[in-house]
1. Can you name the condition, by its number, that residue 45 falls short on among (1) over 20 Å from residue 19 (Cα atoms); (2) open to solvent by 70 Å² or more (accessible area, probe 1.4 Å); (3) without any contact (Cβ under 8 Å) to a residue 60 or more places away in the chain?
2. May I ask you to list the residues in the range 149-198 that are in contact with an Asp or Glu (Cβ under 6 Å, 6 or more places away or on another chain) and assigned to a helix (DSSP H, G or I)?
3. Quick one: what pairs do we get from the range 76-103, first residue more than 24 Å from residue 25 (Cα to Cα), second among the charged types (D, E, K, R) and open to solvent by less than 10 Å² (accessible area, probe 1.4 Å), C-beta under 6 Å, 6+ apart or different chains?
4. Residue under question is residue 130, and the condition is that it be open to solvent by less than 30 Å² (accessible area, probe 1.4 Å), on the phi < 0 side of the Ramachandran plot and among the charged types (D, E, K, R); does it hold?
5. Contact list please: Cβ distance under 8 Å, first residue in the range 138-149 and β-branched (Val, Ile, Thr), second residue surrounded by 13 or more Cβ atoms within 10 Å (Cβ to Cβ) and at pLDDT 80 or above, pairs at least six apart or on different chains.
6. Which of the residues belonging to the range 193-233 are aliphatic (A, V, I, L, M), crowded, with 16+ Cβ neighbours inside 10 Å and closer than 30 Å to residue 97 by Cα?
7. Here are the criteria: (1) in contact (Cβ under 8 Å) with a residue 60 or more places away in the chain; (2) open to solvent by less than 10 Å² (accessible area, probe 1.4 Å). Tell me which single one residue 135 does not satisfy.
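The values are calculated or read from the model by the stated rules, or taken from the named source; none is laboratory data. Worth saying up front: this structure is predicted, and the values here are computed from it rather than measured. All Cβ positions, glycine included, derive from the backbone under ideal geometry; neighbour counts span all protein chains shown. Surface accessibility is based on the protein's heavy atoms, side chains included, excluding ligands, DNA and RNA. Shrake-Rupley method; radii C 1.70, N 1.55, O 1.52, S 1.80 Å.
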Amino acid sequence: MQGGAVNFTGSNLTFQPYYDKTIDDLICANSSRVEVPSKKIFLSPGDKIDYVYYLKQGETMHYMINPDGIEKILYKLTHGWLFGETALFLGHTTGLHSQAVTDVVLQRMDGALVRKLFKDNTLFANYIVRNCCSKLLILRYEIENLTFNSCKNRIKRFYAASVDKTHVTDEGWYNVKVHSTHYELGIIVGAARVTVSKLINELCEEKFIRVINRNVQVNIMLYDAYMEECEIE
């Protein structure tokens, strides 16, 4: 993806890859390469940040944990996105856990250089602003989602946002493009795993979803009715 509007896949909180060759070349020429293996947490709350990370390859997730150990994902980033810019420009420590979902290649750019390029390079400045505004939009979406939707409806929205309309089974079900365990889904929707398991069972009883060989599928007719209902609301 190059230019155009921000595209994140609804309530699964994943930013789709964004690529601008000029920005990519500029950052890679002025940063150091960092490789992070899958599942490793490489930033934690309280860490001082005087740099930004550019995601060259792979996927990262950025989340909070409350005192009871319940986790909540804010967003997932893919190739072409930046993080650390908020803490850098505000002079704060990070308040999030940042973890590699897959094996990740990052480009780490020193904070002083980031500030200089932000001042001197309009394209780079617009790129920084784009990153900040994109995260603001997805966080506004999540505030709305958590405030006005029940946990069960948040799960329905997650699966509705994840359907793969290019693959329809003979029985009239959509496959989903995102495969999550109950624990991972709980992190996304902000609920305990046991709650997620209970609500998924209810959605299966209502025929909104079904689980075939551990893969979730969404009923096409009920999906269409749900999407119409969401548009009316």
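1. (2)
2. 187
3. Note: no pairs meet the criteria.
4. For residue 130, the condition - open to solvent by less than 30 Å² (accessible area, probe 1.4 Å), on the phi < 0 side of the Ramachandran plot and among the charged types (D, E, K, R) - is not met.
5. Partner pairs satisfying both residue conditions: 138/13; 138/15; 138/74; 138/75.
6. 196, 199, 200, 216
7. Failing condition for residue 135: (2).
Condition check ((1) part of a strand (DSSP E or B); (2) more than 28 Å from residue 179 (Cβ to Cβ)) across all residues:
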residue: 52; (1), (2): yes, yes
residue: 80; (1), (2): no, no
residue: 87; (1), (2): no, yes
residue: 95; (1), (2): no, yes
residue: 107; (1), (2): yes, yes
residue: 112; (1), (2): no, yes
